[in-house]
Each structure stands twice: as C-alpha cells, then as structure tokens.
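The values are calculated or read from the model by the stated rules, or taken from the named source; none is laboratory data. Everything quoted here is computed from the prediction, not taken from an experiment. Backbone-built Cβ (ideal geometry, glycine too); neighbour counts: all protein chains shown. Calculation scope for accessible area: heavy atoms of the full protein, side chains included, ligands and nucleic acids excluded. Shrake-Rupley method; radii C 1.70, N 1.55, O 1.52, S 1.80 Å.
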Amino acid sequence: MLADHSADAIWAHDLTKVYGKLTAVDHVDMEVPSGGVFGLLGPNGAGKTTIIKLLTGLTDLSDGAAVVAGYDVRKHPMQVKQRIGWVAAEVILDDDFSAIENLWLQAKLQRLPEWRPRAEQLLQYFDLTSREKDKVSTFSTGMRKKLEIALALLHQPSVIFMDEPTIGLDPGTRRMLWELITGVNREFGVTVLLTSHYIEEADALCNQIAIIDHGKFVATGSPSELKSKVRGDFIELDTTDRVTEAILGSIPGVSEVRTQGKTWVLRTTSAEEVLPRLLSHIDPKDIRRINVERPSLETVFLDLTGRKIDEDNGEVHDYRKFYATVRRARQ
Amino acid sequence: MSGETRYATITPPAEAAASPTVGQGSQFVGLYARELLRTFRNPWVLVITIVQPFMWLAFFGNSFAAVPLSELEELLHIQIQSYIQFLLPGVLATSMLTVGMFGSMSTIQDKRFGYMKRILLTPTRRATIYLAKALGSASRGLVQIPVMIAAALVFGVRFNGDPLLWAAWVLSLALLGFGFSCMFLAVTSSSTDWQTPGVISNFITMPLMFASGALFPSVNFPEWMRVISEWNPVGYTALFGRGIVVQGVAHWDYLGYVAIFAALMVIVGTLVASRYLKAE
C-alpha cells in the first residue's frame with residue numbers, strides 16, 4: 001500500500017549527488033513530515049550540507065527526485081525557493097547594510113510588497129529592534145545569527161533549512177539559539193531541517209534524526225528510538241600494553257572488543273556490572289583512563305560506524321581560529 | 001524514511017497546483033539598488049571613479065600644451081579648440097572599458113562571502129542577477145560624465161552641439177559601459193578569483209584604448225591597428241562623442257554600431273551567465 005506523502009514537508013527518493021569520483025550523497029530516501037524539527041547528524045564531510053543544497057535547488061541532483069514544500073525541486077525550483085528559508089553555517093548577510101536594509105533586500109528577493117510589519121515583528125521577536133538601523137558589521141555573532149533567522153522567516157516559508165546552526169558559537173549563544181530554534185518551530189509553525197555534528201544539539205532539538213555517514217543514512221528515528229537500538233553501554237579504556245584483547249574479551253558481560261586508535265572500546269551488557277569485574281580482571285595500575293558511554297546518539301553512531309562523530313578530521317575545535325579564518329576571507 | 005523501507009512503487013507526492021512563472025522585477029530592483037548603494041556609500045569608490053579620468057585630462061590632455069594649435073590640427077586632422085576638447089570624448093569612452101571590472105569584482109565578492117547563495121536560494125534567476133550587476137557597474141561609469149565635462153570646462157574647453165545630441169552622446173557611453181560590463185561578467189561568471197577581473201582588464205584595455213580613435217585619429221595608424229579600430233566599439237563611441245563635442249554633428253551610424261555591440265553582449269552574456277554563473 002502506498003503511504004500518503006502529500007503532507008510531507010520534504011520527500012526525497014534516491015537522492016544522489018556525485019562530484020567527479022566522490023559520491024557525496026548516495027541514494028538517500030527521506031520523508032520529513034510537516035511541523036517538526038528534523039536533524040541530519042553526522043561527521044564533517046558526511047554529505048549533510050550537500051543534502052541541503054540538493055533539497056534547496058542550489059545544486060542539481062545527479063539522480064533521484066525530491067519534493068520540497070509541495071514542489072518538485074527539479075521541475076519547479078523557483079516555486080520551492082519561494083517557500084523555503086535558509087540559514088547558513090557561516091552567517092551570510094550584507095555587512096555594508098543595516099539590519100532593516102538586509103530585511104528589505106530579502107523582501108525584494110522574495111517578492112514581498114508588504115514586508116515592513118512582518119520585518120518589525122521579527123526584529124522585535126529576535127530583540128533587534130533597537131539596532132535595526134545599525135550596520136550589521138557592528139553586530140555580535142549571536143545577533144548576526146538572529147538576523148539571519150529573521151531573514152529566513154520573512155516570507156513565511158513552510159520549511160526552513162539550517163546548516164550547522166550553532167557551529168563556532170560560544171556555549172551561551174548556542175543555548176540561546178537552541179531556544180530560538182525550538183521557539184521558531186513552535187510559534188511560526190515552520191518545519192525545520194537542520195544539520196549538525198553536535199550530538200547534544202541533535203538530541204536537544206530534533207523530533208526525528210537521520211544519522212548520516214559517507215553520504216548514506218545509517219539510521220533514522222526519534223532520539224529515543226535511536227538510543228533504544230543500542231544494546232548496553234560502551235566502556236572506553238586506555239591501558240598499558242599488558243592488557244590484551246583476549247583478557248578483555250574474557251570478562252563476563254563484555255560482548256565485543258574493538259580498538260579506536262590506542263583506545264579499547266568494549267561493548268557491555270551493563271557498565272555497572274562489568275566495571276567491578278574489569279577491575280578484578282586487570283591490574284588497576286595498567287589502566288590509564290576509563291570512560292563509560294551511556295546509550296546516547298554518540299553510542300548509536302559508534303555502534304553503527306565504529307567511529308565517534310567528533311573524532312573525525314576537520315572538526316573545528318578552535319572557534320577563535322574558525323572566526324579568524326572567516327574574517328580573513330571577508331577582507 | 002530510511003533505506004530499509006522500500007515501497008512497492010515509488011510515487012512522488014502530488015505537486016501543488018502549478019503556479020505561473022515567478023516574476024523577476026522585484027528581485028532585479030533590489031539587486032540593482034544594492035549595487036548602487038554599495039558603490040555610492042563608499043566615498044573612495046566615488047573619488048577614484050572621478051579622479052582617474054580627471055587625471056587623464058590633466059596630464060595627458062596637457063601633453064601638447066606647447067604645440068601650436070595649427071600643427072596639432074594638422075596631426076589630428078580636425079579643427080579643435082585644444083587637445084583636451086579632442087580628448088574628452090575619447091577618455092570618457094576609454095573609461096567605460098574598465099567599469100565592467102567593478103561589476104565582476106562585486107560578483108566574485110558575493111560568491112566568496114556566500115551572498116550569491118543567499119540570492120540563489122530565493123526565486124531569483126541567474127540572468128536577473130547578471131543583468132542587475134551589469135547595469136549596476138555601467139551606472140557607476142556614468143557618474144564620470146558630468147564630472148569630466150565640468151573638469152573640461154575648468155580647463156577652458158567650450159563645447160558645441162545641442163542638448164538632444166548631448167543626450168545621444170551620454171546614451172552611447174551608457175551603451176558602451178553596459179556592453180563591456182556584460183562582457184566582463186560573462187567572462188568571469190564561473191570565476192571566484194579576485195585577480196581575474198584585473199587581469200582581463202589589463203589585457204583588453206591597452207589594445208582597445210590605443211587601437212581606437214579615442215586618443216589619436218586612426219588615419220595615422222598602421223594598417224593592422226586600423227583593422228582593430230574598425231571593429232572597436234570604444235573608437236566608435238569616441239568618434240560619435242567627438243563629432244558632437246567638437247563639430248556639433250552626430251554620426252548616427254556610430255551610435256547604431258555601439259548599440260549593436262551592447263545588444264550582442266547582453267544577449268550572449270545572459271545566455272552564458274544563466275548557465276555558468278556559480279553560486280560559490
């Protein structure tokens with residue numbers, strides 16, 4: 001029986017993007033029902049941004065089909081673009097213009113004749129009214145991000161795409177943005193598709209998550225569904241050379257022994273039961289570090305791919321460096 | 001939702017009712033206004049735009065100050081008040097050569113800062129962006145005209161021609177600037193390198209400036225330079241302007257030639273840009 005997808009905000013089948021020899025997105029199927037917050041979670045380079053580019057018509061599909069906000073992305077890209085909003089990872093505004101001028105320009109680009117009341121309402125919602133006439137180059141990163149979300153909401157889109165919405169932000173601003181994203185989804189009734197490589201972000205914001213690796217969805221579901229897929233806890237262990245795989249494997253309750261770099265990763269039925277046994281099987285002097293990973297989206301990713309999300313190359317650890325690079329590019 | 005769930009038949013959801021073509025007027029106005037505001041809010045841009053051709057008149061225009069007018073007229077094959085009077089239409093035509101570079105640079109800047117993505121994620125066609133940028137940089141070039149004419153008056157030049165002919169002269173310069181802006185933008189539509197517009201500008205400016213009647217009459221040229229000048233829209237714009245400024249006569253066929261050049265550039269350029277204008 002066919003499911004009815006007409007209520008979906010996003011529907012895609014066999015979505016594929018090939019760049020030369022690299023398949024960035026590999027035959028992905030997705031359905032995002034209207035109204036929720038859908039997260040694409042995966043390491044850098046997994047294909048998250050490319051999926052956004054495909055669904056927004058910014059790049060052509062190599063294969064497959066996609067319907068966004070009621071229109072076919074290939075056949076009617078202009079109609080799709082009239083109904084979607086977009087928030088860039090790197091905060092893209094016209095720095096030479098004020099907040100209200102940025103909104104005016106966006107209104108022009110979205111063909112909105114009566115934009116002013118809506119713009120004022122958004123500026124108020126995002127607490128930017130007092131700065132509306134200031135050049136956005138004088139804004140803090142948090143304010144710039146808020147203005148960017150206001151631009152995305154100006155034409156009352158049905159779907160809004162947010163690419164790594166909190167990358168490079170300090171923890172306080174990140175919390176604020178999480179509240180804003182949840183608020184925007186609830187109060188403006190807009191479907192949100194966001195990408196993230198922050199586990200806690202996806203967990204905190206999304207009703208539905210697709211875990212993506214090497215251009216493929218490796219799992220999909222609500223955060224709690226995904227977590228329940230992982231049986232037991234993981235124990236990470238750094239030890240001396242005296243500890244071997246055979247010793248670790250022989251401990252009752254350890255169902256699997258893997259290595260990640262120099263770290264042992266043990267899959268266990270329950271960390272509480274296995275930890276005392278572990279300490280009686282190995283000399284505590286041989287243990288340098290122990291870490292227990294409770295079922296989380298991180299362990300889901302670990303379980304499915306054998307890697308941790310944030311251990312991937314290219315992770316931006318140093319935010320100051322990240323913003324210095326962005327600023328340099330702007331000069 | 002996932003790759004595990006395969007439906008027996010994959011049918012995409014029905015599309016919403018087909019809506020008419022999305023108009024482009026609003027987007028064009030917004031983008032064109034943005035170009036103008038960005039240009040005219042930066043005082044340095046204005047200063048350079050104005051000072052550069054002014055210096056042409058001041059330095060180059062006075063190079064023959066000590067030469068008796070009769071000798072100069074013999075060399076230039078035209079009756080003039082001063083070399084500056086002869087030069088003014090040529091310098092204005094030559095300066096339209098470089099305005100296209102600014103449109104290209106502003107486009108490349110939009111690509112590098114990601115703003116092009118912001119534009120392309122709205123119902124704006126690439127051709128609309130292209131035309132707004134081309135018209136924006138051509139408009140920037142037109143600022144030079146009143147400034148230069150005022151400067152020439154300061155240097156003591158008196159002009160011929162009635163207002164209608166002068167309007168036609170301004171039109172010819174606008175068409176030339178628009179044509180070159182279109183050409184520049186088309187050539188750099190897939191480029192993201194800051195240096196490209198400058199390189200192209202350097203490459204084309206020299207031959208098109210000298211192999212035209214802009215600075216000296218082409219009757220003194222060797223045969224090969226005369227061939228270039230016969231195809232060179234800069235030369236036709238300069239000659240059209242010179243006819244009006246110096247003699248009070250309009251050679252309408254020259255204006256027609258410049259109009260054809262502009263039309264050709266905008267058609268070819270729009271086709272190229274709608275296909276190759278990159279988002280980033």
If you go through segment B:22-37, how many residues are more than 20 Å from B:LEU121 (Cβ to Cβ) and within 10 Å of chain A (Cβ to nearest Cβ)? 1
With respect to B:PHE59, determine if the residue is modelled with pLDDT of 85 or more and either farther than 30 Å from B:ARG118 by Cβ or more than 14 Å from chain A (Cβ to nearest Cβ) (or both). yes
Mind counting the residues in segment B:117-137 that are away from chain A (no Cβ under 14 Å) and either open to solvent by 10 Å² or more (accessible area, probe 1.4 Å) or on the phi > 0 side of the Ramachandran plot (or both)? 2
Top-ranked residue of segment A:237-258 - restricted to ones that are touching a residue at least 12 places away in the same chain (Cβ under 8 Å) and open to solvent by 40 Å² or more (accessible area, probe 1.4 Å), ranked as nearest to A:GLU298 (Cα to Cα): A:ARG258
B:VAL143 passes all but one of (1) buried (at least 17 other Cβ atoms within 10 Å of the Cβ); (2) touching a residue at least 40 places away in the same chain (Cβ under 8 Å); (3) of a type outside the set (Gly, Ala, Ser); (4) within 21 Å of B:VAL45 (Cα to Cα); which number fails? (1)
Note: among A:ASP72, A:ASP8, A:ASP29, just one is among the charged types (D, E, K, R) and in contact with a Leu (Cβ under 8 Å, 6 or more places away or on another chain), namely A:ASP29
If a residue must be open to solvent by less than 10 Å² (accessible area, probe 1.4 Å), touching a residue at least 40 places away in the same chain (Cβ under 8 Å) and not small (Gly, Ala, Ser), how many such residues does segment A:73-90 contain? 2
Count of segment A:178-224 residues which are within 18 Å of A:PRO33 (Cβ to Cβ), aromatic (Phe, Trp, Tyr) and out of contact with any strand residue (DSSP E or B) (no Cβ under 7 Å at 6 or more places or on another chain): 1
Might you let me know whether segment A:164-174 holds any residue that is within 14 Å of another protein chain (Cβ to nearest Cβ), closer than 27 Å to A:LEU15 by Cβ, out of contact with any Phe, Trp or Tyr (no Cβ under 7 Å at 6 or more places or on another chain) and not in a loop (DSSP other than H, G, I, E, B)? no
Take the residues in segment B:59-70 that are small (Gly, Ala, Ser) and free of Cβ contacts under 8 Å to residues at least 60 places away in the same chain; name whichever of them is farthest from B:PRO217 (Cα to Cα). B:ALA66
Select, from A:VAL300, A:VAL292, the only residue that is at pLDDT 55 or above and within 14 Å of chain B (Cβ to nearest Cβ). A:VAL300
Among residues of segment A:129-152, those that are open to solvent by less than 60 Å² (accessible area, probe 1.4 Å) and in contact (Cβ under 8 Å) with a residue 40 or more places away in the chain, counted: 11
Among (1) open to solvent by 60 Å² or more (accessible area, probe 1.4 Å); (2) free of Cβ contacts under 8 Å to residues at least 24 places away in the same chain, which single condition is B:GLU73 missing? (1)
Which one is surrounded by the most Cβ atoms within 10 Å (Cβ to Cβ) among residues in segment A:259-275 that are of a type in the set (Val, Ile, Thr) and outside any strand (DSSP E or B)? A:VAL274
Residues to consider are B:GLY114, B:GLY103; find the one that is surrounded by fewer than 21 Cβ atoms within 10 Å (Cβ to Cβ), touching a residue at least 40 places away in the same chain (Cβ under 8 Å) and under 15 Å from B:SER190 (Cα atoms). B:GLY114
Subset of segment A:32-68 (residues that are surrounded by fewer than 21 Cβ atoms within 10 Å (Cβ to Cβ), assigned to a strand (DSSP E or B) and not aliphatic (A, V, I, L, M)): A:PRO33, A:ASP63, A:GLY64
I'd like the residue in segment A:101-119 that is open to solvent by 20 Å² or more (accessible area, probe 1.4 Å) and touching a residue at least 12 places away in the same chain (Cβ under 8 Å) and, out of all such residues, is farthest from B:LEU120 (Cα to Cα). A:ARG118
